[in-house]
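The values are calculated or read from the model by the stated rules, or taken from the named source; none is laboratory data. Everything numeric here is computed off the predicted structure, so don't read it as measured data. Cβ placement follows ideal geometry from the backbone for every residue including glycine, while neighbour counts extend to all protein chains displayed. Accessible surface areas use protein heavy atoms only, side chains included; no ligands, DNA or RNA. Shrake-Rupley method; radii C 1.70, N 1.55, O 1.52, S 1.80 Å.
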Amino acid sequence: MGTTEAQVEELIAQMTPAEKAGQLTQYFYFGLPAGAETEPALGLDVERHPRMVESVLQEGGAGSLLFVTDPTEINRLQRLAVEGHRLGIPLLFGFDVVHGLRTILPVPIAMAASWDPGLIERAQSVAAREARAVGIHWAFAPMVDIARDPRWGRIVEGAGEDPYLGAAVAVAQVRGFQGREPGAPGRIIAGPKHLAGYGAALGGRDYDEVSLSDSDLWNVYFPPFEAAVDAGAGNVMTAYMSLNGIPATGNRWLLTDVLRDAWGFEGFVVSDANAVRNLVTHGFAADPSDAAARAIGAGVDMEMAIVDPAYEHLPEALESGATTQQAVDASVRRVLEAKIRMGLFDTPYVEEDHAREVLTDPAHREVARVAAERAAVLLRNEGGLLPLDGDKLGSIAVIGPLADSKRDTLGPWVFDHDLDETVTVLEGIRARAGEGLRVAHARGVRVVQRVFPSMFDMFGGNAPDDPEGFDEEAEFKRAVDLARGAEVAVVVVGEWQNMIGEAASRSSLELPGRQLELVQAVVGTGTPVVLLVMNGRPLDLRWAVEHVPAILDIWYPGTRGGAAVANLLFGDVSPGGKLPFTWPRTVGQVPMVYAHTRSHEPENQPRRYWDESSTPLFPFGHGLSYGRFEYADLAVDQPAIVTTGTVTVSVEVTNTADREADEVVQLYLHQRHGAASRPVRELKGFRRVTLAAGESRTVRFRVGPKERRYWNAAVRDWVTDSSSFDVWVGADSTAPLATVFEVKAE
Ligand code: GLC
């Protein structure tokens, strides 16, 4: 046996059942200030909880903590576990390093919109370096849930609707977090979540049940998870909801048959918060002891708990025979192996001075700025209003409350951020504006409050608010007057960051509050308008698309968001992002995806809703540029292949504009006939390229069995059909340039 195995077996042999249960328990440790408001559903007693956790540590009653990010505090708690208990097993510290720790990157949906796996890997390696420096060993990320219903708030945390893009983004994130080995300096364990199907919540309502066919699971919702596992992710987190009637956290088919047996996952599985105990709430487990036995039997190694973990009933379940020593030891083994892999037995503590140095590394802020620049999606640019000419412009009015909100610029799922370091859109424009360019700002409308408080409002500063004595009528008029007197009006609209993310579903996609009214009034002044959208889901822009010449989606752009937006507005860099989801006109069209199958009358596609078009406002993969790209000479290297064969598709892309710009070349495939009706188009290749003015480049894609196979519900297995395959290559999912190739049986 290697050192690792010997050490692990020795420890397991010494552990009592209670200590094993403790090793499989992860507690939240909220060092919240006394008196902080806590979300009542969390059942958290702010005073008692920290003290309770500390005493648990000294009894060997916890294997991991989450929600601690201060290196001094992490060392203090680690010392309690290592020096306070007879076995001295170090803690694994996990955290939601979803899009950065101190340097906040654009939200994940924005990074997906860059269609740039190299950038995403670089960005998450910055996040990993900062996390590891403070003593965090494990990120509860990437979130790889496919989202096809924008009412679901967690669409912001993932990579959108498409399994091919989602898988590429998942791999890039795992590589960014783990590098070659998560135990290496500056690297952490990646924990793709939430297995599985969470994004298909009924009605887009977070946490609600999910019903998905096996074909949906294997062809759409599983691929990003399988890709993350193939990339070596060390952990997976289970989902809250029930999948086809079986709670994901008690679902052995999902967590063992699929995850371990089919995909070969060798890491450890953690539940989502209280999700084991809540197997009772689901009406699945009879009581916490039953919940513990069924979760560990399904394949949940570690329980994430806020209070009253179900896994403290594991000794009872062992006693009653509801679970076995073998099952418990297998889970303990996987957790201990992760700790040894992270070097925690040799180096349990973190160097606090080094942490401070890493967290202030200016190179990290640069990565955040570049990420925000490459994530932005130019939705519309009629008449070439953008880029603005900073040398000629004399005045700009920047309108909207989001334009100067540091906290909203960062987006959801940030806790250890530095607002002083955060550059808002207004600050970015002011810093970039030349001497002769006056930049004025007005909020115009008040902040809209959610209909129920966000669970994250217990962390200070999470909920936006209006300035003292805010007079909306006066401010609205001031904003319109400013716009009227300026040469250009830049209006920032969107959702406040606590309106999206977890427990933040919406029943509409309209701009909250009086934002649309504000845009209409500003447009009514006749001043040219640039609309900037700060968002994480598609919003209802039907009016704006008809009346606003330039619309740039800037997402929640992160710590250097404002600097990136200014560079984009003034043309220092061209937008090159593409939409990672189909953008519906209205919530009534939801769900709307590009990879749908043909119906019996596709040519009447528009004849669906009598009151609204059945086409999207913007198609999947859409994104304009300051460059101009032409596609030509689309070709396949062989007109026909056998089912195991591979064709090479080539296309020539030319930038006919007078400036450098990026284009994301996209390849879509359609199987014309076969053992199932296949989607009219499916993304099966993409490449982001930078082309100088006038530059042409031949881009090649290989289309083999992996791109053509699909899971067939009739034979309940993967198949690759003989058929004719349409191929399109272009700038989005409606690309017109097409060719075809044949696949014949061997
Ligand atoms: C939350 C989320 C999960 C997160 C965990 C810890 O409820 O569902 O994504 O990682 O709890 O914060």
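When the solvent-accessible area of region 429-567 is split by element, carbon and sulfur atoms take up 51 percent of it, the probe being 1.4 Å. Modelled label positions at Thr597 and Val740, each set 7 Å beyond Cα in the direction of Cβ, lie 2.1 nm from each other. With R₀ fixed at 22 Å, the C-beta to C-beta distance from Arg450 to Lys477 puts the FRET efficiency at about 0.25.
Computed from backbone phi, the HN-Hα couplings of region 570-578 come to 8, x, 4, 9, 8, x, x, x, 9 Hz, rounded to whole numbers (Karplus: 6.51 cos²θ - 1.76 cosθ + 1.60, θ = phi - 60°; Gly and Pro given as x).
Size of region 455-571: Rg and Dmax of its alpha carbons, in Å, are 15.1, 43. Under a 5 Å amide H cut-off, with hydrogens placed 1.01 Å from N, Arg380 pairs with Ile551 among residues at least 5 apart or on other chains. The separation of region 615-630 from region 357-404, counted between C-alpha centres, amounts to 19 Å.
In the context of the full set of protein chains, residues of the chain present 36 Å² of accessible surface per residue (probe radius 1.4 Å, heavy atoms only). Modelled spin labels at Glu181 and Arg79, positioned 7 Å past Cα toward Cβ, are 3.0 nm from each other. Calculated from DSSP H runs of 4 or more alone, at -39500 (n - 2.57) each and per residue, what is the 222 nm mean residue ellipticity of the chain, nearest 500? Computed mean residue ellipticity for the chain: -8000 deg cm²/dmol. Against the chain, whose longest principal axis comes from its Cα atoms, helix 48-58 is set at around 50 degrees. Across the accessible surface of region 79-125, with the other protein chains kept in place and a 1.4 Å probe, carbon and sulfur atoms take up 45 percent.
Please state the relative contact order of region 1-128 as a whole percent: Cα pairs under 8 Å, 6+ residues apart? Averaging sequence separation for qualifying contacts and normalising by length gives 20 percent for region 1-128.
Computed FRET efficiency, Cβ-Cβ of Gln14 and Thr644, R0 51 Å: what is it to the nearest 0.05? So the FRET efficiency works out to roughly 0.45. Given Lys20/Lys193; Lys406/Lys477; Lys392/Lys477; Lys406/Lys684, which pairs have Cα atoms separated by over 29 Å? Table pairs above 29 Å Cα-Cα are Lys406/Lys684. Split the accessible area of region 615-744 by element, probe 1.4 Å, and carbon with sulfur accounts for 48%. Counting only alpha carbon atoms, the long axis of helix 472-484 and the longest principal axis of the chain meet at about 50°.
Multiplying the residue separation of Asp361 and Ala6 by 0.36 nm and removing their Cα-Cα distance gives an extension gain of 123.8 nm. With the whole protein complex present, Arg79 retains an accessible surface near 100 Å², based on a 1.4 Å probe.
Helix 163-178 against the longest principal axis of the chain: what's the angle in degrees, Cα atoms only, rounded to the nearest 10? Once rounded, the angle reads 60 degrees.
The figure for Arg51 is an accessible area of roughly 130 square angstrom, using a 1.4 Å probe on the protein chains alone.
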